[in-house]
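J.: Below is one structure. I have some questions about it.
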Amino acid sequence: QVQLVESGGGLVQAGGSLRLSCAASGSIFSINRMGWYRQAPGKQRELVAGITRGGNTHYADSVKGRFTISRDNAKNTVYLQMNSLKPEDTAVYYCNAQDTDWALWGQGTQVTVSS
């Protein structure tokens, strides 16, 4: 079974940038949808961005124009480029893979944006 490992989180000042990576232990070429979610303390996990097998993307309204999701099937990796970060972007970010009848999660990576 494919496993997902996130990296790239850290502490950044407001207005800064980070790039998260999600490395899969197996091929992601055929996986219908890959995505990034986040969960802030005391809040529910929410979708940040998703990308389909065909390359179609969608974003939460709160990150549109600032975040970009991409997938490199050759490297079995999904990225989340985060620009113009805000303190409210502070959360644990999780990578997600979904297909018809299953879903996988990574362990999460902490992103902290200071004001």
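J.: I'm checking my understanding of the structure. Among residues of region 77-108 that are over 16 Å from Gln1 (Cα atoms) and of a type in the set (Asp, Glu), which one is farthest from the chain's Cα centre (by Cα)?
T.: Glu88
J.: Would you point out the residue of region 65-109, among those that are part of a strand (DSSP E or B) and of a type in the set (Gly, Ala, Ser), that is surrounded by the fewest Cβ atoms within 10 Å (Cβ to Cβ)? Full working, then the answer.
T.: Keep residues of region 65-109 that are part of a strand (DSSP E or B), which gives 67-72, 77-82, 91-98, 103-105, 109.
Those left that are additionally of a type in the set (Gly, Ala, Ser): 70, 91, 97, 103.
Numbers: Ser70: 15, Ala91: 22, Ala97: 22, Ala103: 10.
Here the answer is Ala103.
J.: Looking only at region 44-64, count every residue that is touching a residue at least 12 places away in the same chain (Cβ under 8 Å) and either closer than 20 Å to Gly108 by Cα or open to solvent by 50 Å² or more (accessible area, probe 1.4 Å) (or both) and tell me the total.
T.: Keep residues of region 44-64 that are touching a residue at least 12 places away in the same chain (Cβ under 8 Å), which gives 45-53, 55, 57, 60, 62-63.
Keeping just the survivors that are either closer than 20 Å to Gly108 by Cα or open to solvent by 50 Å² or more (accessible area, probe 1.4 Å) (or both) gives 45-51, 53, 57, 60, 62-63.
Matching residues across region 44-64 total 12.
J.: Out of region 26-40, which residues are in a strand (DSSP E or B) and farther than 14 Å from Thr109 by Cβ?
T.: Across region 26-40, the qualifying residues are Arg33, Met34, Gly35.
J.: Turning to a different aspect of this structure: Is it true that some residue in region 41-60 is over 15 Å from Leu80 (Cβ atoms), part of a strand (DSSP E or B) and touching a strand residue (DSSP E or B) at 6+ places or on another chain (Cβ under 9 Å)?
T.: Within region 41-60, one or more residues are over 15 Å from Leu80 (Cβ atoms), part of a strand (DSSP E or B) and touching a strand residue (DSSP E or B) at 6+ places or on another chain (Cβ under 9 Å).
The values are calculated or read from the model by the stated rules, or taken from the named source; none is laboratory data. Computed from a predicted structure; not experimentally measured. Quick reminder, even Gly has a Cβ in these numbers, built from the backbone with ideal geometry, and neighbours come from all protein chains shown. Keep in mind that these areas ignore ligands, DNA and RNA; they rest on the heavy atoms of the full protein, side chains included. Shrake-Rupley method; radii C 1.70, N 1.55, O 1.52, S 1.80 Å.
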